[in-house]
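Since the structure comes first, as structure tokens, the remarks are kept for the end.
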Amino acid sequence: MALLDTLQQILANATNPNPQHVDQISREAPKDQLGAGVADALRSDQTPELGDTLSNLFANASPQDRADILNMLTEKFGAGALAGVAGGALAGHEGTSTPQVDATKASQVTPGQVRDVAVAAQQSEPGIMDRIGNFYAEHPDLVKTLGAGALMIALARFKNNNLRG
């Protein structure tokens, strides 16, 4: 089945999408287009707040994906910027010149702390939604954790881009 046909089936059954179809789209879609769709979904007022979305993503991620999420969130902060955020759980991991968060350290961080860091990132970095969208697109298993509303917005944006281009 062609990718756009599969996408049409998912959108037609938005309240109960076939998980295999969602998996197919998340693995076969061009990453830049999927990432842009996810970023649009994250910006939408029809989806949960970014902190809640990332908290849920983190809670459902593998240990290595958790570390990757934290590293993606913290890479644009300046040194010391996270000392007062999330109880300082990620202090010393700000920016690209500090030690990366590993899976062991990530296991010590709670979804609530991730919510706090996501809120801080959203306040300090205008491009955070695009970076998070790209992160989701590079991790197809995590696209399914978006939640039904955000997933449908992301896939509808992807479909619209494909029909235009």
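Taking the C-alpha atoms only, the angle from helix 3-12 to the longest principal axis of the chain is near 90 degrees. Give the residues of region 30-63 whose amide nitrogen is closer than 12 Å to a point set 7 Å from the Cα of Glu138 in the direction of its Cβ. Under 12 Å, as judged by backbone N against the label point of Glu138, lie 32 of region 30-63.
Counting only alpha carbon atoms, the long axis of helix 31-43 and the longest principal axis of the chain meet at about 70°.
In the chain, Cα pairs under 8 Å separated by at least six residues give a relative contact order of 37 percent.
Charge tally around Ala103: other residues with Cβ under 10 Å, Lys/Arg +1 each, Asp/Glu -1 each, net -1.
Length available on full extension from Asn160 to Glu49: 0.36 nm per residue minus the Cα-Cα distance, which gives 37.6 nm.
The long axis of helix 111-124 is offset from the longest Cα principal axis of the chain by roughly 90 degrees. The Cβ shell under 15 Å around Gly78 holds other residues with a net charge of -2, Lys and Arg each +1, Asp and Glu each -1. Surface analysis of the chain yields an accessible area of 47 Å² per residue, using protein heavy atoms and a 1.4 Å probe.
The values are calculated or read from the model by the stated rules, or taken from the named source; none is laboratory data. All values reported here derive from a predicted model rather than from experimental measurement. So basically every Cβ, Gly included, is an ideal-geometry build from the backbone, and we count neighbours across all protein chains shown. Heavy atoms of the whole protein, side chains included, go into the accessibility calculation; ligands, DNA and RNA do not. Shrake-Rupley method; radii C 1.70, N 1.55, O 1.52, S 1.80 Å.
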